[in-house]
Ligand code: PCA
């Protein structure tokens, strides 16, 4: 039998709306890119609940089902003006607001007994450069917070760090700004149009697919 070569899958997740917002740009972006071929891979988008625990289980199921080569989880970071690939996931759940199932953990580990933190295995600096080259503001972020986005980012990196990931699937997390319609009543709050966010993420995904050694450029912050 001749072996069939499958187009590599890029798993792209976005979150359902949370808090008081009726929309979450992270899912709108993922939905818009679902089925697109980018740099030799095909995007498969999955929506995750904004719920501690359940989001992690649904992500694990999606990883098993789709066997992706690359995984990028997206989430909204209200108040940010750029597309921000995250550098590090930490092993803590500390919720300022309840999740969509009304849970509000305080100082609980994401995975008990697991390492304190994991770095993204995405080429975050090359991604920032590629997004900027596409004409879209981007920056490396050094904190994904301690809510459900950090939770899913940590769960992803923990799973990819297990010996079962022998083929070296890479993954990480990108926070995105609010949509203009989310901030109409909030003067001074940054936002970015959906089409711009989609174009930025398309460039970021292409960079992640094609860059195996990240750029050695400074993206540090003093605080
Ligand atoms: N943003 C939240 C959770 C879901 C989302 O889109 C966060 O940054 O944790």
### Wholly within region 61-155, strands (runs of 3 or more DSSP E) carrying at least 1 residues that are within 13 Å of the ligand (Cβ to nearest atom)
70-76, 88-90
### Query
Is it true that some residue in region 197-208 is more than 14 Å from the chain's Cα centre (by Cα), without any contact (Cβ under 8 Å) to a residue 60 or more places away in the chain and farther than 16 Å from residue 69 by Cα?
no
### Query
Which residue, of 35, 41, is on the phi > 0 side of the Ramachandran plot and away from the ligand (no atom under 16 Å from the Cβ)?
35
### Message
Go through (1) touching a strand residue (DSSP E or B) at 6+ places or on another chain (Cβ under 9 Å); (2) free of Cβ contacts under 8 Å to residues at least 12 places away in the same chain for residue 41 and report which single condition fails.
### Response
(2)
### Query
Considering region 156-179 alone, what residues qualify as being within 16 Å of the ligand (Cβ to nearest atom) and either outside any loop (DSSP other than H, G, I, E, B) or within 16 Å of residue 114 (Cβ to Cβ) (or both)?
156, 157, 172, 173, 174, 175, 176
### Any chance residue 119 is farther than 27 Å from residue 19 by Cα, without any contact (Cβ under 8 Å) to a residue 60 or more places away in the chain and under 15 Å from the mean Cα position of the chain (by Cα)
yes
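Throughout, read-outs are computed from the coordinates displayed, never taken from laboratory work. The structure presented is a predicted model; accordingly, all values stated were derived computationally and were not measured. Glycine also receives a Cβ, built like all others from the backbone with ideal geometry; neighbour counts cover every protein chain displayed.
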